[in-house]
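Student: Dumping the structure here so I can ask a few things about it.
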Amino acid sequence: MIKLILTINDVAKIISNIAEVIEENKQYLTDLDAAIGDADHGINLDRGFKAVKEKIPQFLDKDIGAILKNVGMVLVSTVGGASGPLYGTFFMRMGSIALGKKAIGDNDIVAMFEAGLSGIKERGKAQAGDKTMIDAIEPALNELKKSLEDGLKFNEALSIAVNASYSGVEMTKKIAARRGRASYLGDRSIGHQDPGATSAYLMIKTVANYVDKLQQ
């Protein structure tokens, strides 16, 4: 089986695509946040990824790890609320796995995903079931690993991971928030979709769409 290889240019393009998807969904994410948070998730993320997209040309002479660390630092410095530090940590932890690499493959990507998720858990003191972005990321990672172990191509495994991530987003409607601003609402947060889980799902889906075109 041909293994997936992502180059520096691929990673830069994926990040640019994520910035575009966040911009397209800025109002949607903000509306979700208005129901249970500060009504700024989409606005904040869009500001951060706009800044990232502007700086990408400056990163292209760096290795993949350095690019991702720079993305994380930009997000931390430009995105308000909890999502800046959390997504910033996610990208910086992924970058720590890819330091010095000009290309990354299947195993690298899984390890990066694991490191990023671990960073979010440590930074946010949250776990699956707390109604956060973890509810979209962790099931995606679990399914990705299982599908690869079963011998699927990376794009096929990512497609299954996207479905698991979406199911995680849907699950957040059924539970009360235990972390973040939404936790102040207690059971009144039940019935509302978590904006952080939604933005995480959109990012995972964006990566999957790019990889699928590479491996078709």
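Readers should treat all values here as calculations from the given coordinates under stated rules, not as data from a laboratory. For clarity, every value in this text was computed on a predicted model and none was experimentally measured. Positions of Cβ are generated from backbone atoms using ideal geometry, with glycine treated the same way; all protein chains shown enter the neighbour counts.
Student: With charges only on Cβ, +1 for K and R and -1 for D and E, what is the dipole size of region 5-215 about its Cα centre, in debye, rounded to 20? Could the numbers behind the result be given before it?
Tutor: On the way: 26 positive and 27 negative charges, 90 e Å.
So the magnitude is around 440 debye.
Student: Using only the alpha-carbon atoms of region 83-173, report the extent along each of the three principal axes, biggest first, to the nearest angstrom.
Tutor: Per principal axis, max minus min of the Cα coordinates gives 34, 28, 15 Å.
Student: Additional query: Please state, as a whole number in µm²/s, the translational diffusion coefficient that the Stokes-Einstein equation yields for the chain at 37 °C and 0.692 mPa s, with Rh defined as the Kirkwood radius across alpha carbon pairs.
Tutor: In µm²/s, the coefficient is 192.
Student: So if we plug the beta-carbon distance of Leu60 and Lys145 into 1/(1 + (r/R0)^6) with R0 = 35 Å, what FRET efficiency do we get, rounded to 0.05? Don't jump to the answer; show the numbers that get you there.
Tutor: Working: r = 30 Å, r/R0 = 0.87.
E between Leu60 and Lys145, to the nearest 0.05, is 0.70.
Student: Exposure proxy check: Asp106, Asp135 ranked by fewest other beta carbons within 10 Å? All intermediate terms of the calculation are to be shown ahead of the outcome.
Tutor: Details: Asp106 17, Asp135 27.
Ascending Cβ contact count within 10 Å gives the list Asp106, Asp135.
Student: Can I ask one more? As a footprinting exposure proxy, order Thr30, Thr7 by other Cβ within 10 Å, with the fewest listed first.
Tutor: On the way: Thr30 20, Thr7 13.
Least crowded to most crowded, the residues run Thr7, Thr30.
Student: Same structure again: Specify the longest stretch of the chain that does not include any exposed loop site, a site being one of the trypsin sites (Lys or Arg not before Pro) with a non-H, G, I, E, B DSSP assignment and at most 13 other Cβ atoms within 10 Å.
Tutor: 4-101
Student: In a Gaussian network model over the chain where Cα atoms closer than 10 Å are linked, find which of Gly81, Gly105, Gly168 has the largest mean-square fluctuation.
Tutor: Looking only at Gly81, Gly105, Gly168, the biggest GNM fluctuation is shown by Gly105.
Student: Nearest 500 deg cm²/dmol is fine: what mean residue ellipticity at 222 nm does the chain get from its DSSP H runs of n ≥ 4 alone, each adding -39,500 (n - 2.57), divided by its residue count?
Tutor: Theoretical 222 nm ellipticity from helices: -23500 deg cm²/dmol.
Student: With axes computed from alpha carbons, what is the tilt in degrees of helix 26-36 against the longest principal axis of the chain, rounded to the nearest 10 within 0 to 90?
Tutor: Long axis of 26-36 versus the principal axis of the chain: about 40 degrees.
Student: Which of Met94, Met203, Met171 comes first, and how do the rest follow, when ranked by fewest Cβ neighbours within 10 Å?
Tutor: Going from sparsest to densest Cβ surroundings: Met171, Met203, Met94.
Student: For Lys62, what charge total do you get from the other residues with a beta carbon under 12 Å from its beta carbon, if Lys and Arg give +1 and Asp and Glu give -1?
Tutor: It works out to a net charge of +2.
Student: Same structure, new question: Using only Cα atoms, find the angle between the long axis of helix 83-97 and the longest principal axis of the chain, and express it within 0 to 90 degrees, rounded to the nearest 10.
Tutor: So the inclination is approximately 20 degrees.
Student: Shifting gears a bit: Figure the gain on full extension for Gln216 and Ser96 (residue separation times 0.36 nm, minus the Cα-Cα span) and round it to one decimal in nm. Walk me through the intermediate numbers first.
Tutor: Values: separation 120, 0.36 × 120 = 43.20 nm, distance 2.95 nm.
Between Gln216 and Ser96, full extension yields 40.2 nm more.
Student: Another question, then. All other residues with a Cβ under 14 Å from the Cβ of Gly168 taken together, and with Lys, Arg as +1 and Asp, Glu as -1, what is their net charge? Please list the in-between numbers first.
Tutor: Values: positive: Lys131, Lys173, Lys174, Lys205; negative: Asp130, Asp135, Glu138, Glu143, Glu170, Asp194.
Overall, the nearby charge balance is -2.
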